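Below is one structure, written out as structure tokens; the observations come after it.
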Amino acid sequence: MRAVSADELAPSTEAWPVQATGLRVKAGSRLAVDGLDLTLGPGVHGLLGPNGAGKTTLMRALATVVRPEDGRLRLLGRDVRQRKTLRTLRSRLGYLPQQFGFYPKFTVRDYVEYMAWLREVPTTAVPAATQRAIDRVGLTGRADSRLRSLSGGMLRRAGIAQAIVNEPELLLLDEPTVGLDPGQRVEFRELLRDLGDGSCVLVSTHLVEDVVAACTNVLLLDEGRLVFRGLPGELARLGASDGVGDSAAERGYSVLLREHRSAA
Amino acid sequence: MTAHISAAVLRAYATGELGADDAMAWPVEAHLEACPQCQERLADEVPGPVRDMVAEARLAVLAQARNGPPPVRRRRLRRLSHRWASWSVLPWALVTLLAVAAAFLLDETFAARSSVVLMLAPVAPLGGLAVAWSRRSDPAWETVSGTARAGLELLLRRTVVVLVVVLPLLAAVGWRLGTNPALWLLPCLAFTAAALLLGGLIGMSRAAALLGGGWMLAVALPTLIADRQPVLVQPQSLPGWAVAAVALALLTLLRAGDHRHHTSWK
């Protein structure tokens, strides 16, 4: 006989990996996310928005790097303000920041291993998890090259590898397709679909076609608020006859932004 | 383990008469997975084309093993060094070395004047702490600061690295000058703990600048200009330093959560 802790009885999978109500997050002295209500289920969610819409600040808050100013934020069923559960919560997150800094002297393997250790992957599982993450982003041949010798696109992929090394249940990718060539972007979309199979993936980007091609869900953020939420197809439908842009989805995006701004 | 598979059933399985969706196939497969004897019997039963295919696959696997990338060597030392070292500290270590060496030369040349080394000792680790835990000097701070181990655990590792640089240096200099070791050690540790505590609230770099600047302006400069040892670095003030160091260290542990967020990296 033994005592069962409340933690063990808590449901292991949450209906909503991300649950935010009235979320306010500051970037410097400005409220970049201002009263955001958001629930995200499993799947790949594309986060669109113009520059300065608060995408990166929202990502930082979801990655638990920045503490929200106000409002409620529950990730994987845990409140981010709860200090006791923050550590276990963080070991289930994966995050690729927009300004992805790295140690130039590390090799890809060093870097991914170091991040796996920081994310508390069990010590014995670190080498295999590292190899798997590197293989998944297609850097197998360059695993032992130093980071400073890699091109921009390869660096991004190394960044994605470190974010998925712990098989996160909530994966946050901030501008992951910057610097990838067209072929790599197609491969990356496939990886995204694969990742979104069991976990919740939030991809922030300003490339509308990435969202349409790889996401199950589109979110549009403007001035710190959620403006639109729907399927990629809806975006294309909105842009079928109106708006500016090269593709239907891009036109739909511009229509939505214009409507929101004229209403405000 | 169940009894071995009968010859008739095995033949049916080998030739494909016993389909994969046949319920009878399940116990056969479960048994085959664990029984080398039946695996061998199955090998004799399978028709020629299947045998050729398996042989071909085996050759391909062996070729891959021969020509593919070699397995990664064990890298325990390398891994250990990455987990402990913070490379951004290196330039700072050089500056500290030079400052302590200069202070030592001054003290040795002007033995009668108040000790510069003792004035430098409390603030010697602060520069390192500011560099080891800062947005500006750690390029990967944003990736690191959202991970499970980020926080006081990682900060303490980096603090240990800084102290491993500073303390032997001060020890060597103090020994050459014949100073009481507690006179430089306790203030040094107390200031380190104070920086860790304050750093959680306002950011490590800011805390280090505030404490270092404060000490320099309020104590070190007046002392060196007026040339008298202040009561702060006399043996009678040692219990005070000890109490301060322990109290600040305990408070730092209590406020460990402060280092989990980005404010600590300012």
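At a Förster distance of 45 Å, what's the computed FRET efficiency of B:R176 paired with A:R132, Cβ-Cβ distance as r, to 0.05? That gives a FRET efficiency of 0.25. This ranking places B:E45, B:E108, A:E113 by how few other beta-carbon atoms lie within 10 Å of each, fewest first, which gives B:E108, B:E45, A:E113.
Since only A:G94, A:Y253, A:L191 are under comparison, the one whose Cα sits farthest along the positive direction of the charge dipole of chain A, derived from C-beta charges on Lys, Arg, Asp and Glu, is A:G94. The H on the amide N of A:G43, modeled in the peptide plane, is under 5 Å from the matching H of A:S199, A:C200, A:V201, each at least 5 residues off or on a different chain. Working note: Cα atoms of region A:93-167, range along each principal axis, descending, whole Å: 30, 25, 21.
Per-residue Cβ neighbour counts within 10 Å put A:V33, A:V4 in the sequence A:V4, A:V33, beginning with the fewest.
In sequence order, region B:216-225 has phi-based couplings of 4, 6, 7, 10, 5, 4, x, 4, 5, 6 Hz under the Karplus curve 6.51 cos²θ - 1.76 cosθ + 1.60, θ = phi - 60°, and Gly or Pro positions carry x. The dipole here belongs to region B:77-265: it is taken about the Cα centre, uses +1 on the Cβ of Lys and Arg and -1 on the Cβ of Asp and Glu, and is about 520 debye.
Taking the convex hull of the alpha carbon positions in the protein assembly as shown and averaging its projected area over all directions gives 36.6 nm².
Modelled label positions at A:R146 and B:A57, each set 7 Å beyond Cα in the direction of Cβ, lie 4.4 nm from each other.
The mean of 1/r over all pairs of different alpha-carbon atoms in region B:85-129, once inverted, gives a Kirkwood hydrodynamic radius of 11.3 Å.
If the only charges are +1 at each Lys and Arg Cβ and -1 at each Asp and Glu Cβ, what is the size of the charge dipole of the protein assembly as shown around the Cα centre, to the nearest 20 debye?
Working: 59 positive and 48 negative charges, 450 e Å.
Rounded to the nearest 20 debye, it is 2160 debye.
Taking the longest Cα principal axis of chain B as reference, the axis of helix B:36-45 is set at about 40 degrees. Each residue in B:W241, A:W16 was given a count of other beta-carbon atoms within 10 angstrom of its own, and listing them fewest first yields A:W16, B:W241.
How many partner chain Cβ atoms sit within 10 Å of a residue's Cβ in peptide B:250-263, on average, as a whole number? The per-residue average across the peptide is 2.
Give the lysines whose C-alpha is closer than 21 Å to that of A:K55, dropping any in the same chain fewer than 8 places away, or say none. Once the sequence-local lysines are set aside, what remains near A:K55 is A:K26.
Relative to the first principal axis of the alpha-carbon coordinates of chain B, what is the inclination of helix B:181-202, with its axis defined by its Cα atoms, in degrees from 0 to 90 and to the nearest 10? The helix B:181-202 is inclined about 60 degrees to chain B. Which is farthest toward the positive dipole end of chain B among B:L18, B:A102, B:V72, measuring Cα position about the Cα centre, with Cβ charges +1 (Lys, Arg) and -1 (Asp, Glu)? In chain B, that residue is B:A102. Radius of gyration over Kirkwood radius for chain A, both on Cα atoms: the Rg/Rh ratio is 0.98. Give me the percent of Cα-Cα pairs in region B:120-196 that sit more than 19 Å apart, rounded to a whole number. Here the long-distance tail beyond 19 Å is 40 percent of all Cα pairs in region B:120-196.
With the charge dipole of region B:77-265 set up from +1 on Lys and Arg Cβ and -1 on Asp and Glu Cβ about the Cα centre, the Cα lying farthest toward the positive end among the listed residues B:A209, B:H262, B:L90 is that of B:H262. When Rg and the Kirkwood radius Rh are both evaluated on Cα atoms of region B:77-265, their ratio Rg/Rh stands at 0.98. For region B:158-266, the C-alpha radius of gyration divided by 2.2 N^0.38 Å, with N the number of residues, is 1.14. The coefficient of translational diffusion for region B:7-67, derived via Stokes-Einstein from the alpha carbon Kirkwood radius under 4 °C and 1.567 mPa s, stands at 101 µm²/s. Site pair B:R74 and A:A6 shows an inter-label distance of 4.4 nm when each label is modelled 7 Å from Cα along Cα→Cβ.
Under the convention that each Lys and Arg Cβ holds +1 and each Asp and Glu Cβ holds -1, the size of the dipole of region A:1-100 around its Cα centre is about 380 debye.
Taking every DSSP beta bridge with both residues inside the protein assembly as shown, roughly what % is antiparallel (nearest 5)? Among the beta bridges of the protein assembly as shown, antiparallel pairing accounts for roughly 55 percent. Amide hydrogen proximity for A:G35: with H placed 1.01 Å from N in the peptide plane, the residues at 5 or more positions away or on another chain lying under 5 Å are A:L23, A:R24, A:V25.
For region B:1-89, trypsin sites (Lys or Arg not before Pro) meeting the loop criterion (DSSP other than H, G, I, E, B) and having at most 13 other Cβ atoms within 10 Å: B:R73, B:R74.
Along each principal axis, taking the top coordinate minus the bottom one, the Cα set of region B:103-153 gives 52, 19, 10 Å in descending order.
A protection proxy built from the mean count of other Cβ atoms within 10 Å ranks the segments B:21-33, A:237-249, most packed first, as A:237-249, B:21-33. Each of A:Q98 and B:L94 was given a label point 7 Å from its Cα along the Cα-to-Cβ line. The distance between the two points is 3.5 nm.
How high is the FRET efficiency between B:A102 and B:L254 when r is their beta carbon distance and R₀ equals 56 Å, given to the nearest 0.05?
0.90
Every number here is computed from the coordinates shown, using simple stated rules; none is lab data. What you are looking at is a predicted structure, and each value in this text was computed from that prediction instead of being measured. Cβ coordinates were reconstructed from backbone atoms using ideal geometry, including for glycine residues, and neighbour counts include every protein chain displayed.
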